[in-house]
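Trainee: First the structure, which I've put down as structure tokens, then a few questions once you've had a look.
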Amino acid sequence: MKNIKILLITTIIPICSLLASILFERSFEVTWQNDLISQIGEEARTLPIFNLEYSCKNSNIAHEIEEFCEFPIYSYYFRNLSICSILLALFLILYVQLTSLYSIRNRDFLIKSFKLGTYLCILGISILVLFYGIAIVTLLYFLESYLFGVIHIYILALIGLGALAASINLIKSSFNLIKPAEVYVNAIYTSQETDSIFNNLLNEVAEKVKSLKPKNIFIGIDPMFFVTESFVKINDGNVYDSNSIYLSSPILRFLEIQEFKGILAHELAHFSGEDTKYSKNFFPLYRGMLNSFQNSINEVGGGLQSISMFPLISLMNFFFESYAGSEAIISRNRELRADKIASEIVGNEVFGCALVKVYAYEELWNEMYQKLIEDVKSGTEVKNVEDYFVNFIEQSEKNSDMLTNISKYKLSHPTDSHPSLFERLDNLNLNLETIISKINLKNETNVLTFQVPIEELTEKEIRSIKYYYT
């Protein structure tokens, strides 16, 4: 049912143009046949030339009736173009539907079919958008000539040029979709040599996981940990490529060393095995296309240009939604795989504690941030967001009461999706209540200190809050 709806939305203009061309052709056909009957008699019905299309396309006859065939010939080509557009939309929808269903079971096929599907969809959309521009002008021409018998050439020319310009812009925008995702993080770049303890930990964990070591390390105040092979842009405007890891400085202050090793093992596991290929070849392209597609929609205005967006919006939404199911299943499996690897290195309960802490501190960070905004608006001086967070945790009355409600939460991540905490603990045969009994969220361990100017970073954050709310 959904496929039929997408097909109808995508082909609404080609169908209208097809019907209009048939109607236009029929009016000329009737005139042509009536003239033949009046000149030759009823036997004209048995002659091949009784068919106007045959006559206009027959080189021996067409030159004699060239003036009469001028408009029907255009309509014949337009009719065929409308049919081709409908078939193209049908092909794209079938391709996306079939390949996305099969890719659920095959990660390698997902990578290949998504990339090929990207090029096919963009090429197909570019053709459809260009046809839409032509169709709009032609439909108006047919309607004016058929209903009113008058054609406003200059108005149609202006509309045609506007539609053509919109089509060209959309085609350019569509081809810009094929680019990897660029992740922006509120962070500071550092190197492995910045902290000897961390460098030793990184080497140790990477060796045990049998993974690549991240080339780039980012320390920031956002409450998350992740690795990526997308381009990463940070506060100072610099962009870094290759494999990178992001570490949350506030949460690090509450993790024990073994717990942090577990988090590292989980993240580095994404640089091992089949995950490497998936992280490098699929996620950057998938997220990059999704972000660029949203931006291209936002940049398009109204009028004819928005009408030309019909095939782009409907087909690309269908494209992403179809592959989203495969992406979600594979993402879930790769996260659970990384959890297993981490638990084997540091132990089930240790990694379970680390997981619960990360989920809990992200929720607490979101609550703290709302309070921070209110304090800044009321004139309270806040010099350091990280210290503010630590004080917020120490003064919080929730602790274990809050922990019992977090099993359904999902972690935020700039390029990935995660299963719920309940799924992840269940995958490790762990019980949430047992893990909660071992955790004190107010216990600041502070086992790892990075020599980076985090105060400078957080002051910028505070200034941005003040700017936004004043």
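The values are calculated or read from the model by the stated rules, or taken from the named source; none is laboratory data. Because the structure is predicted, anything quoted here is derived from the model rather than measured. Here the Cβ positions follow ideal geometry from the backbone for every residue, glycine too, while neighbour counts run over all protein chains shown. The area values use the complete protein model at the heavy-atom level, side chains included, leaving out ligands, DNA and RNA. Shrake-Rupley method; radii C 1.70, N 1.55, O 1.52, S 1.80 Å.
Trainee: Condition test on residue 111, is it on the phi < 0 side of the Ramachandran plot, open to solvent by 10 Å² or more (accessible area, probe 1.4 Å) and in a helix (DSSP H, G or I)? Walk me through it before giving the result.
Mentor: Values: on the phi < 0 side of the Ramachandran plot: yes; open to solvent by 10 Å² or more (accessible area, probe 1.4 Å): yes; in a helix (DSSP H, G or I): yes.
When the stated conditions are applied, residue 111 passes them.
Trainee: Before we move on, is residue 326 in contact with a helix residue (DSSP H, G or I) (Cβ under 6 Å, 6 or more places away or on another chain), open to solvent by less than 10 Å² (accessible area, probe 1.4 Å) and polar (S, T, N, Q)?
Mentor: Numbers: in contact with a helix residue (DSSP H, G or I) (Cβ under 6 Å, 6 or more places away or on another chain): yes; open to solvent by less than 10 Å² (accessible area, probe 1.4 Å): yes; polar (S, T, N, Q): yes.
Here the answer is yes, as residue 326 does meet what is asked.
Trainee: Among the residues of the stretch 333-387, count how many are of a type in the set (Asp, Glu) and either in contact with a Leu (Cβ under 8 Å, 6 or more places away or on another chain) or buried (at least 22 other Cβ atoms within 10 Å of the Cβ) (or both). Explain how you work it out, then say what you get.
Mentor: Within the stretch 333-387, the subset of a type in the set (Asp, Glu) is 335, 339, 344, 349, 362-363, 367, 374-375, 381, 386-387.
Now drop any that are not either in contact with a Leu (Cβ under 8 Å, 6 or more places away or on another chain) or buried (at least 22 other Cβ atoms within 10 Å of the Cβ) (or both), which leaves 335, 339, 349, 362.
Matching residues across the stretch 333-387 total 4.
Trainee: Does residue 410 satisfy the criteria of being touching a His at 6+ places or on another chain (Cβ under 9 Å) and either surrounded by fewer than 16 Cβ atoms within 10 Å (Cβ to Cβ) or at pLDDT below 70 (or both)? I'd like the intermediate steps shown before the answer.
Mentor: Values: touching a His at 6+ places or on another chain (Cβ under 9 Å): yes; either surrounded by fewer than 16 Cβ atoms within 10 Å (Cβ to Cβ) or at pLDDT below 70 (or both): yes.
Yes: the conditions hold for residue 410.
Trainee: Just to check your reading of the model, which residue among 280, 357, 340 is part of a helix (DSSP H, G or I), of a type outside the set (Ser, Thr, Tyr) and at pLDDT below 70?
Mentor: Testing whether each residue is part of a helix (DSSP H, G or I), of a type outside the set (Ser, Thr, Tyr) and at pLDDT below 70 leaves just 280.
Trainee: Go through 6, 22 for me and flag whichever is touching a residue at least 40 places away in the same chain (Cβ under 8 Å) and buried (at least 19 other Cβ atoms within 10 Å of the Cβ). Lay out the reasoning, then the answer.
Mentor: Details: 22 fails: buried (at least 19 other Cβ atoms within 10 Å of the Cβ).
Unique residue meeting the criteria: 6.
Trainee: Shifting gears a bit: Can you confirm whether the stretch 217-230 contains a residue that is out of contact with any His (no Cβ under 8 Å at 6 or more places or on another chain) and surrounded by fewer than 19 Cβ atoms within 10 Å (Cβ to Cβ)?
Mentor: No - not one qualifying residue is present in the stretch 217-230.
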